[in-house]
Number of protein chains: 2
Amino acid sequence: MPVSTPFPAKPRIAILGAGALGCYYGVRLAKSGENVHFLARSGRAAIMARGIRVKTPTERISLRKVQVYGSSAEIGPCDLVIVALKATANDQLAKLLPPLLHENTVVLTLQNGLGVEEPVAEVAGPERVAGAICFIGCTRTAPGVVECVFPGLVMIGKFGKSAGERTHAIAALFSKAGVKCQAHDNLEEMRWKKLVWNAPFNGLAIAAGCITTDVILADEGLKILARRLMEEVVEAAGKFGHVIPRSFIDLQFERTAKMGAYRPSSLEDFEEGRGIELEEIWGEPVRRAKSVGVPVPRLEMLYWLIKRKLAARKTVKKRH
Amino acid sequence: MPVSTPFPAKPRIAILGAGALGCYYGVRLAKSGENVHFLARSGRAAIMARGIRVKTPTERISLRKVQVYGSSAEIGPCDLVIVALKATANDQLAKLLPPLLHENTVVLTLQNGLGVEEPVAEVAGPERVAGAICFIGCTRTAPGVVECVFPGLVMIGKFGKSAGERTHAIAALFSKAGVKCQAHDNLEEMRWKKLVWNAPFNGLAIAAGCITTDVILADEGLKILARRLMEEVVEAAGKFGHVIPRSFIDLQFERTAKMGAYRPSSLEDFEEGRGIELEEIWGEPVRRAKSVGVPVPRLEMLYWLIKRKLAARKTVKKRH
C-alpha cells in the first residue's frame with residue numbers, strides 16, 4: 001500500500017543515537033551527500049573535535065565536519081528520522097521524537113527483535129513508521145570511532161503494511177550510500193526470521209555461561225537445544241502467517257558453523273555491562289507465541305534465565 | 001514380597017565411603033553397638049589417628065576406635081553393605097563390592113536420584129539391593145569430621161519390590177541407632193517424589209548463576225519455572241504409576257520458603273569443584289520421561305545447561 005506523499009529528493013535526515021549503528025549508517029549517508037544530523041547524548045565533544053571515523057574490512061571512512069547536536073529541538077523537523085538507540089532507551093522516545101517530526105516525517109527504527117516499531121508508533125503514529133533489520137557486525141570502540149568487521153546488509157519494511165514508495169525511496173538512499181539494502185513487503189516476517197538465529201544463539205551465549213557460538217555448536221546438548229528453540233520460534237511465526245521452512249533452520253546452523261568463535265552482540269553487551277534487548281528478543285516473542293496458543297517452554301525458560309542474569313549483574317553493580 | 005533368609009541379629013556391616021553420609025550413619029550404627037567396618041579410600045590415616053567426630057544441633061558424637069580399611073578384601077564378606085559413595089564413583093562398584101558379598105548380603109545404596117540401584121544390581125544381582133533416601137543436611141569438613149545441621153530422616157525400600165523382612169530389619173537397625181527411619185513399599189515412588197524438589201532447586205541453583213533457594217523464590221520467572229519443572233517431574237512419575245498430588249508441589253514451595261538462603265547440595269558440590277549427580281537427578285529422569293512419551297522440555301534444557309557448566313568447569317581446571 002504505497003503512501004501518497006512522495007519522499008523528498010534531498011531529505012533532511014536525523015540519526016537518533018551515535019553508537020555503532022548510528023555512526024556507521026550516518027557517516028555512509030553523509031559521505032554520499034545526504035543532509036545528516038546526529039543526536040548524540042554522550043561523546044558529542046569528541047565527535048565535534050575529531051569527527052566520526054569508521055573502519056571496515058576494505059575502507060576507512062572519515063567524516064570530519066559532523067552536524068551533531070545535544071537535543072532534538074536543535075535539529076528540528078526532518079524528513080527521515082533513523083532511530084539508532086538501543087531498545088532499552090525507548091522510554092526516551094516520547095521526549096526525543098516530537099521535535100523531529102513534521103507532517104510527513106518517516107521514522108525508521110534499526111532496533112532488533114519484536115515490538116520495536118510499537119514504541120515509535122505510539123509517539124509518532126503508526127502510519128509513518130518503518131523498520132530495518134541490520135545484518136551487520138560493528139562496534140563503537142570510542143566516541144565517534146566505529147570498527148565494522150561485517151558490513152552485511154539492511155532490509156527495510158513498513159510497519160504493519162507492505163513496502164510503499166517511501167520505503168523504496170529510503171532503501172535507495174541506503175544503497176546509494178554504499179549499504180547493501182533491500183525493501184521488503186513483510187517487516188514482521190523478517191523480524192521473526194531474524195529471531196530464529198538471535199533467540200537461541202544470543203540467548204544461549206549468555207545463559208549457558210558466556211560462551212561463543214562455536215562452543216554452542218560443539219556441545220551436543222546445546223546444539224540440540226538451539227534447534228528446539230528455533231523450532232519454537234518457527235512454530236510461533238507460523239501461527240502469525242509467516243511460513244518459515246525447515247530448511248531455514250538447517251541454513252542457520254550451516255552459516256553459524258562458518259562463523260567460528262563468534263560473540264553475539266547480546267553477549268558483548270552483557271559482558272560490557274550494557275543493556276540488552278531482553279524483551280525484544282525473548283520476552284515479546286514469548287508473549288506473542290503464548291497469545292496464539294503456541295507453547296514455547298524453552299524460549300520462556302531462556303527468557304527467565306537471562307532476566308535473572310541481568311538482575312544479578314545489577315545487584316553486583318550496586319554492591320561495588 | 002519378603003525374602004525368606006532372615007537378617008542376622010548381629011550383622012556384619014560395611015560402609016563404602018567415609019564422606020559425610022558414610023561417617024554420620026556409620027558412627028551412629030557403631031555407637032549403638034553394631035559391628036561396622038569403614039572403607040575409606042582417602043583420609044584413612046586421619047580416621048585411624050583421631051577417629052570420627054560428628055556434630056549435630058544437639059549432640060557431639062565421637063568414635064575413637066574405628067575399624068577402617070583401605071580395601072574391600074581386608075573387610076571381607078558382610079551381611080549389610082551400605083554404599084555411601086557419590087554416584088559419580090559408581091564405576092568402581094565392580095571392584096569394590098564383590099569381596100564384601102556372601103550369599104545373603106544386602107546392599108543398601110544411599111545415593112540420590114534415579115538409576116542408582118541399577119549399578120549396584122549389575123554387580124551384586126537385583127534381588128539383594130535396597131535403596132535409601134536420606135533427608136539430611138551434613139557436610140564433611142575434614143577427614144572423619146562431619147557437621148550435621150539437619151539430621152532429618154531416612155526412608156528405605158527394596159529395589160523393584162515392596163519392603164520385605166530384611167528391609168524392615170535394616171530400618172530397625174537405623175532406628176535403634178538414633179536415626180529416624182522408615183521402611184517404604186515403593187522405593188521408586190519415593191525417588192520420584194524427592195526429585196520434585198531436587199530437580200528444580202538443585203538445578204536452578206547451579207544453572208541460574210550459583211544462587212540460593214531464597215533467590216529462586218524471590219525471582220518471579222524462576223519461581224514459575226521451578227513449578228513448571230516440578231509439574232514435568234510429576235507428570236513423568238504419573239506415567240510410571242506414581243501418583244503425586246498437586247498439593248505436594250505447593251508443599252515444596254511452603255517448605256522451601258522456610259529454608260531461607262539454603263544452598264542445595266549440588267550447588268555446594270559444584271562450587272567446591274566436586275562431582276554432582278548430573279545423570280541421576282536430571283539425565284535419567286529425562287530419559288525415563290521421554291521413554292514413556294512425556295515431554296519434559298524444561299527438565300531437559302536444565303540438564304543440558306548444567307552439563308555445559310560442568311564441562312566448562314573441567315576446561316578451566318585443565319587450563320590451570
Study note, to complete from the structure: In whole percent, the Cα-Cα distances of chain B spread across 20 Å bins from 0 upward as 32, 59, 9
Exercise for review: Would you grab the residues whose amide H sits under 5 Å from the one on B:Gln182? Only those 5+ places off in sequence or on another chain, please, with H modelled 1.01 Å from N.
Suggested key: B:Val154, B:Met155, B:Ile156
Practice item. Using a 10 angstrom cutoff on alpha carbons, build the Gaussian network for chain B and name the most mobile of B:Ser291, B:Ser266, B:Ser71. Key: B:Ser291
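Quote the charge dipole size of chain A about the Cα centre in Debye, to the nearest 20; the model charges only the Cβ of Lys and Arg (+1) and of Asp and Glu (-1). It would help to have the intermediate numbers written out before the result.
Details: 45 positive and 32 negative charges, 199 e Å.
Here chain A has a charge dipole of around 960 debye.
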Point to revise | Top positive-direction residue, dipole computed over the range B:189-315 with Cβ charges, set B:Tyr262, B:Pro285, B:Gly203 | key: B:Pro285
Point to revise | Cα centroid of the range B:1-59 to Cα centroid of the range B:231-271, whole Å | key: 29
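Given the DSSP H assignment, sum -39500 (n - 2.57) over each helix run of at least 4 residues in the protein assembly as shown and divide by its residue total; what's the result at 222 nm in deg cm²/dmol, nearest 500? Intermediate values should be presented prior to the final figure.
On the way: 26 runs with 290 residues, N = 640.
Calculated from helices alone, the mean residue ellipticity at 222 nm is -14000 deg cm²/dmol.
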Exercise for review: Would you be so kind as to list the residues of the range B:202-225 that have their accessible area lowered by at least 50 Å² in the full protein complex compared with their chain by itself (1.4 Å probe)?
Suggested key: B:Leu225
Point to revise | Minimum Cβ-to-axis distance in chain A for the rotation onto chain B, with residue, whole Å | key: A:Pro297, 2
Review point. For chain A, which whole-number percentage of the solvent-accessible area (1.4 Å probe, protein heavy atoms only) is attributable to carbon and sulfur atoms?
Key: 53
Exercise for review: Mind checking which aspartates and glutamates have their Cα closer than 13 Å to the Cα of B:Lys161? Skip sequence neighbours fewer than 8 apart in that chain.
Suggested key: B:Glu117, B:Glu127, B:Asp185, B:Glu188, B:Glu189
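Under unit Cβ charges (Lys, Arg +1; Asp, Glu -1), what dipole magnitude, rounded to 20 debye, does the range B:2-129 have relative to its Cα centre? Don't jump to the answer; show the numbers that get you there.
Values: 15 positive and 10 negative charges, 190 e Å.
The calculation lands at about 920 debye.
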Review point. Taking Rh as the Kirkwood radius, which is the inverse of the mean 1/r over Cα pairs, what is the Rg/Rh value for the range A:12-185?
Key: 0.93
Review point. Peptide B:302-310: average number of partner chain Cβ atoms within 10 Å per residue?
Key: 5
Practice item. Could you tell me which Cys residues in chain A have no other cysteine's Cβ under 4.7 Å from their own Cβ, answering none if every one has a partner? Key: A:Cys23, A:Cys78, A:Cys134, A:Cys181, A:Cys210
Review point. Dimensions of the protein assembly as shown along principal axes (Cα, Å, largest first)?
Key: 101, 47, 42
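Determine the total buried accessible area between chain A and chain B, counting protein heavy atoms only with a 1.4 Å probe; round to the nearest 100 Å². Each step should come with its number before you reach the end.
Details: alone 14380 and 14410 Å², together 26890 Å².
Between A and B, the summed buried area is about 1900 Å².
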Check your understanding: If we hang a label 7 Å off Cα along the beta carbon direction at A:Met48, how far is it from the matching labels on the other copies, in nm, shortest first?
Key -> 8.1
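If you put +1 on each Lys and Arg Cβ and -1 on each Asp and Glu Cβ, how big is the dipole of the range A:189-315 around its Cα centre, in Debye rounded to 20? Walk me through the numbers on the way to the answer.
Values: 21 positive and 18 negative charges, 54 e Å.
Roughly 260 debye for the range A:189-315.
For chain A, what are the DSSP H helices with axial Cα length of 24 Å or more and mean Kyte-Doolittle hydropathy of at least -1.0?
Details: long enough: A:187-207 (28 Å, 0.00); A:220-239 (29 Å, 0.00); A:297-319 (33 Å, -0.70).
Sorted by number, the helices that extend far enough and score high enough are A:187-207, A:220-239, A:297-319.
If the limit is 18 Å between Cα atoms, which of A:Lys223/A:Lys258; B:Lys158/B:Lys193; A:Lys86/A:Lys180; A:Lys193/A:Lys239; B:Lys10/B:Lys180; B:Lys10/B:Lys86 go over it?
Values: A:Lys223/A:Lys258 15 Å; B:Lys158/B:Lys193 16 Å; A:Lys86/A:Lys180 22 Å; A:Lys193/A:Lys239 13 Å; B:Lys10/B:Lys180 20 Å; B:Lys10/B:Lys86 27 Å.
Exceeds cut-off: A:Lys86/A:Lys180; B:Lys10/B:Lys180; B:Lys10/B:Lys86.
How shielded is B:293-299 by partner chains, expressed as the average number of their Cβ atoms within 10 Å of its Cβ atoms? Intermediate values should be presented prior to the final figure.
Values: counts 0, 0, 2, 1, 10, 5, 1.
Across the residues of B:293-299, the mean count of other-chain Cβ atoms within 10 Å is 3.
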Exercise for review: In Å³ and rounded to a whole number, note down the convex hull volume per residue for the Cα atoms of the range B:1-77.
Suggested key: 124
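With every protein chain present, what is the per residue accessible area of the protein assembly as shown (1.4 Å probe, Å²)?
Numbers: 26890 Å² over 640 residues.
For the protein assembly as shown, the per-residue accessible area is 42 Å².
The values are calculated or read from the model by the stated rules, or taken from the named source; none is laboratory data. Just so we're clear, the structure is a prediction, and the values are computed from it rather than from any experiment. Heads up, the Cβs are rebuilt from the backbone with ideal geometry, glycines too, and the neighbour counts pull from every protein chain shown. These accessible areas exclude ligands, DNA and RNA; they are computed on the full protein's heavy atoms, side chains included. Shrake-Rupley method; radii C 1.70, N 1.55, O 1.52, S 1.80 Å.
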